[in-house]
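Each remark here refers to the structure printed beneath this line.
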Amino acid sequence: MTGPLPPETHAEDISERIVAAVLATPGVAAMHGGAFGEVATYLPGRRVTGVTVGPTSCAVHLAARYPANVVDTAERVRAAVESLVDVPVDVTIEDLLTETGQAQ
């Protein structure tokens, strides 16, 4: 007999799906944990960096690939994530990275 998934299974599923959608978006170099690594979904034994999903909003923090247009990149990320969640999506571009991964 099967029943509803436990809440942590849902959090794991949605946060990982969000990360996959964000990283597949043109102009995105990597996920970003925020200034102190505080932006994350905490799961048993690990965390998913750069995403928090709450009852009223979803926060996505990332590093864009230089010389990406940050406004266009944020809009593409927002569109990709909005299809996965039922709450408003806030996108923060924390850093710009070159092809070699160096910050600009």
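The values are calculated or read from the model by the stated rules, or taken from the named source; none is laboratory data. Since this is a predicted model, take the numbers as computed values, not measurements. So basically every Cβ, Gly included, is an ideal-geometry build from the backbone, and we count neighbours across all protein chains shown. Just the protein is used for accessible areas: all its heavy atoms, side chains included, with ligands, DNA and RNA removed. Shrake-Rupley method; radii C 1.70, N 1.55, O 1.52, S 1.80 Å.
Odds and ends about this structure:
- Charge dipole (the stretch 14-97, unit charges on Cβ, about Cα centre) - positive-most of Pro88, Gly45, Gly33: Gly45
- Among the GluC sites (Glu not before Pro) in the stretch 11-43, those located in a DSSP loop and surrounded by at most 11 other Cβ atoms within 10 Å of their own Cβ are Glu38.
- Taking every protein chain into account, the accessible area of the stretch 14-97 amounts to 50 square angstrom per residue (probe 1.4 Å).
- Cα gyration tensor shape of the stretch 14-97, rounded if a/c is under 1.5, else prolate or oblate by comparing a/b with b/c: oblate
- Span from the the stretch 72-100 Cα centroid across to the the stretch 16-48 one, whole angstrom: 11
- Table column - 3J(HN,Hα) (Hz), the stretch 82-91, Karplus curve with 6.51, -1.76, 1.60, x for Gly and Pro: 4, 6, 9, 10, 10, 10, x, 10, 9, 10
- Close amide H partners of Ala40, meaning residues 5 or more places away or on another chain with modelled amide H under 5 Å apart, are Gly50, Val51.
- Solvent-accessible area, 1.4 Å probe, carbon plus sulfur percent, for the stretch 14-97: 56
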